[in-house]
Amino acid sequence: MLRIILVIYFGAVATILHAQQVDSTFENKIETENNQIEEIVVTATKTETKIATTTVPLSVIAKKYIQASGTIKLGDLLQEQNGIQLSHFLGTGVQLQGMSAEYTLILINGEPIIGKNAGVVDLDRIVVGNIKRVEIVKGPVSCLYGSDAIGGVINIITEDIGIIKNALDFSIQYKSPAIVSSSILGNYSKNKVSFENTIVHNFSNGYHTNKSTVFKEGSPYNDFTINSRISVRANQNIQTGIGLKYYFSTLHNKDNYLNSSNENMVATQRDKINEFAISPYFKFVKKNIVFNIKNYNSYYLFNSLFNGENFNADLYNDQLKQFFTKLETQLDYTKNGHLFTVGTGGFYNSIISNRIENKIKQHQEFVFFQYQYDWKNRIIINAGNRTDFPSDFKIQWFSPKVSARFNVNEYFSIKISGGRGYKAPDIRQQYLNFTNALVNYSIFGAEVALQKLEELESLGQIQSYSIPIEQIKSLVPEKSWSANAEIEIHPIPSKLSFTANYFRNQITDLIEATPTAIKSNGALIYTYFNLNKVYTQGVEVNATYHIIKGLSLTMGYNFIDAKNVEVLNRIKNGEIFRRDPITLETFRVSKKEYGGLFDRSKHSFNIKIYYENKKHAFNTYLRVIYKGKYGWSDINGNQILDVAEEYAKGYALLNFSFTKTFKNKYHIMVGVDNILNAKRKYIPSMNGITGIVGLTINFLNPNK
Amino acid sequence: MKKLFLIAFSLGIFGLISCTQETTPKPTPPLKAVIDSNINATYSHYQFYSFEKGDTVPFSDSTTLNWDMAFNGTKIIFNSGTSGSGTAGVIIKNALFSEVLEAPTTGYVQDGATYAIPSGSNNGWYNYAGPPNHTITPLAGKVFVVKTSKGKYAKFEILSYYLGNPAIPNGLLDISKYYTIRFVYQPDGSTNLK
């Protein structure tokens, strides 16, 4: 099947043969004569804004650097950014400001990606081949985007802003030991109609370093992404169009397991995802008014299945079918430095899963407003709020935010912001009905737990309750208060700059599964509760130095302190203990020994050197990424991070790439990732030194 | 001269103190904390245990008052209620072993519809780590104060669930269902557990 698909789409390439420009129109904007930054971003305010007037912590990954680094996986790209850490539990997630991956909202062209696993969108589902740029806003943005935007928003832009030039581009990359990525990008614009189309295909045979098991650390996979967009500029004022996306992926693996008679058996894993999205839009622009109507429909089908040899039941079976539709309108009015934004909309979400008893239908309406005043580019103040009205809850959720920027002079500016973020309880936390017979436990969502427990009680299957049953109640959203303060210093404007950001986020009502009852067979029953309180705080420092023309150096350092407030209280009360495994003495854990939340490095830094030589048409890109030691797992059984054995060692990645352009048309890229040969068993993408080779052909010369 | 006097004086005081100490009745020798390793709980039946004996007792004693508690896998029962003919019970304290100096006289929980030491991870005496290693770790800071079948008092803590008491056990590689406990037994019937 794969071969047929490959033949068809390589055949398609051969017949079309055209070209594209290397730099998008967007990036041409950046490099204006006097190097004045005019970068336009859309994520911070949901309107097109100059980066120099944004009031919140924001960074952009430009296509130039994505191409120069030869990255295939989005996770690899994001991990090279300062202030970002990845998590690798049930797929790749991204942590912002020390907050877990489920508190990062991932958008593609401003629309949410549906189909989460344990609350996290797997980054591996998003291909890099068609990305124009990535915008990252840190701190809560629930005031514009609603749920999940507590730690921030990562908006992946695959569409150009502005005029689309005709282009046709083919690209193929190989990354050792086993990934081949290829893509075709085609843009065509005539009169009032423009058409953008990309096809990306990734393929991996998998890889296997530990030959004693059948499990491949790198799972063999195959995925296809097709993105299309047709836009019609009907007249000066009206633009309309439709975007389409299709994504298909399969993943296979094998693993050993012991059956009940302790025999070594082989289990087969098969994962399959189908995703389809269609998004028509309408935009009206007149003088100082912009009016948008956007509709977004997405359908997601997921199945993960583990079968064992001679094993009747499935070892693991997870099925999810989700349909999401959203309608949103937004009106922006700009005059004399004032910007007014009002938006309203709603979405409908339906889910069918083998782990949920009934089909779940939810809808939610929302309204948001934003006011921004820009006083002579010196003082910019932004205030806004979004109110959500969810069907599952009787209450509304308010997400206000205020932010400001003071451009003191050309050398110095300050950004300050404060606001709320929230994350709605996910379907699993509300409705899950899951019993793991192998490990012998059950988890019930908060909405169905009472009913399930009553059913078991009537069958005489409940031995006892761990908590009073009246305590089980509907979940409320997890909520945060956050503050950011950033200073920006330009000792030599447009040559040398520093930023330093302090952040603090406090999340309350964190949802966690806790033991609720014990079945008569000894199995534990868990239910979700709003229980915990955590805080994260830290500092992010960035420096950029354009040493000479074409040569730039950036450095970043990130410090994170993320702790569970309940744990701190229990330590204060002397309620947390640990046992020395050698002397068998028990001690009270001290505040100093508590290492905070698992799976995040306290210290991390990166250094990047980019050199571009226009005369000889080549560029080199060197990146050093260091992540300090991080909490890996609780070994001494007290459920917190407190002793040295519970940390995983820090690691450094050294990545280098070189791209040479011939005849302004052929780009040959060679690179070596992970030169220091770092390996981590549970990070599949970190399996030692890897090589990359790539070829990009621009069939159309952009300079013509 | 003054110094000499001071020294003589303090020596005299010390002499007095030591004298008075010698004349007071001899205090009971401090109780000894005993570590009993590798209590085998792998049988199809419970492994019965007596604090008085400081050792296991035979299965044939299961209907007598010769045992206080019994182990089977992660399950721990007491000689009372639904588990035995005695009135043994337990009070679970979150404390250091050395901090529990006195046994309460009341409040002992006996086995009933639920066990006196509840089962389940982080619910009774252990933490179950789950995949990948499935290790069972005794919870530190759980001290179990016991009223024995014969009405005496004892305290114990569980130190390991694996044979040979490995420093960092691995649930898949180490041999499980072997308890190591530390206990103090007060034979005189008093509540003193110092």
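Read-outs throughout are calculated quantities, based only on the coordinates presented, and are distinct from any laboratory measurement. This structure is a prediction, so every number in the text was calculated from the model and none was measured. So basically every Cβ, Gly included, is an ideal-geometry build from the backbone, and we count neighbours across all protein chains shown.
Checking a compactness column here: for the stretch B:146-194, what do you get for Rg(Cα) / (2.2 N^0.38 Å), N being the number of residues?
Computed over Cα atoms of the stretch B:146-194, the ratio equals 1.52.
About its Cα centre, how strong a charge dipole does the stretch A:447-512 have in debye, to the nearest 20, once Lys and Arg get +1 and Asp and Glu get -1 at the Cβ?
It works out to roughly 460 debye.
With n ≥ 4 as the cut-off for DSSP H runs, can you work out [θ] at 222 nm for the protein assembly as shown, using -39500 (n - 2.57) per run divided by the number of residues, rounded to the nearest 500?
My calculation for the protein assembly as shown gives -2500 deg cm²/dmol from helical runs alone.
Using only the Cα atoms, work out Rg/Rh for the protein assembly as shown, with Rh taken as the Kirkwood radius, to two decimals.
With Rh from the inverse mean 1/r over Cα pairs, Rg/Rh is 1.04.
What does the charge dipole of the protein assembly as shown about its Cα centre add up to, to the nearest 20 debye, if the Cβ of each Lys and Arg holds +1 and the Cβ of each Asp and Glu holds -1?
With only Lys, Arg, Asp and Glu charged at Cβ, the dipole is about 2440 debye.
Starting with the fewest neighbours, write out A:Ile51, A:Ile548 ranked by other beta-carbon atoms found within 10 Å of each beta-carbon.
Fewest-to-most Cβ neighbours within 10 Å comes out as A:Ile548, A:Ile51.
Pop the C-beta distance of A:Glu585 and A:Gln639 into the FRET formula with R0 = 22 Å and round what comes out to the nearest 0.05.
0.65
DSSP loop (so not H, G, I, E, B), at most 16 other Cβ within 10 Å: list which GluC sites (Glu not before Pro) in the stretch A:272-374 pass both filters.
Those that pass, being in a loop and sparsely packed, are A:Glu309, A:Glu357.
Would you order B:Trp67, A:Trp397 from fewest to most other beta-carbon atoms within 10 Å of each residue's own beta-carbon?
Result, fewest neighbours first: A:Trp397, B:Trp67.
Using only the alpha carbon atoms of the stretch A:633-704, find the Kirkwood hydrodynamic radius as the inverse mean reciprocal pair distance, in angstroms to one decimal.
Its Kirkwood hydrodynamic radius stands at 15.8 Å.
Could you work out the relative contact order of the stretch B:136-194, using alpha carbon pairs under 8 angstrom and six or more residues apart, expressed as a whole percent?
35 percent
Could you give each residue of the stretch A:364-373 its phi-based ³J(HN,Hα) in whole Hz, using Karplus coefficients 6.51, -1.76, 1.60 with θ = phi - 60°, and x for Gly or Pro?
Working through the residues one at a time gives 8, 10, 8, 9, 9, 9, 8, 10, 10, 10 Hz.
Can you sort A:Ser142, A:Ser466 by how many other beta carbons sit within 10 Å, fewest first?
Listed from fewest to most nearby Cβ atoms, that is A:Ser466, A:Ser142.
Whole Å is fine, so just give me how far the alpha carbon centre of the stretch A:454-530 lies from that of the stretch B:57-109.
37 Å
What residue among A:Ser497, B:Trp125, A:Ile635 has its Cα farthest toward the positive end of the dipole of the protein assembly as shown, where the charges are +1 on Lys, Arg and -1 on Asp, Glu, each on the Cβ?
Of the listed residues, the answer is A:Ser497.
With no solvent and one point per C-alpha, what does the Debye sum give as log10 I(q)/I(0) for the stretch A:400-452 at q = 0.13, 0.15 Å⁻¹?
Values, matching the q order: -0.56, -0.61.
Obtain the nm distance between the two label points defined at A:Lys376 and B:Asn122 by a simple spin-label model: each point lies 7 Å from its Cα along the Cα-to-C-beta direction.
5.8 nm
Taking 30 Å as R0, compute the FRET efficiency from the Cβ-Cβ separation of A:Ser212 and A:Val180 and round it to 0.05.
0.65
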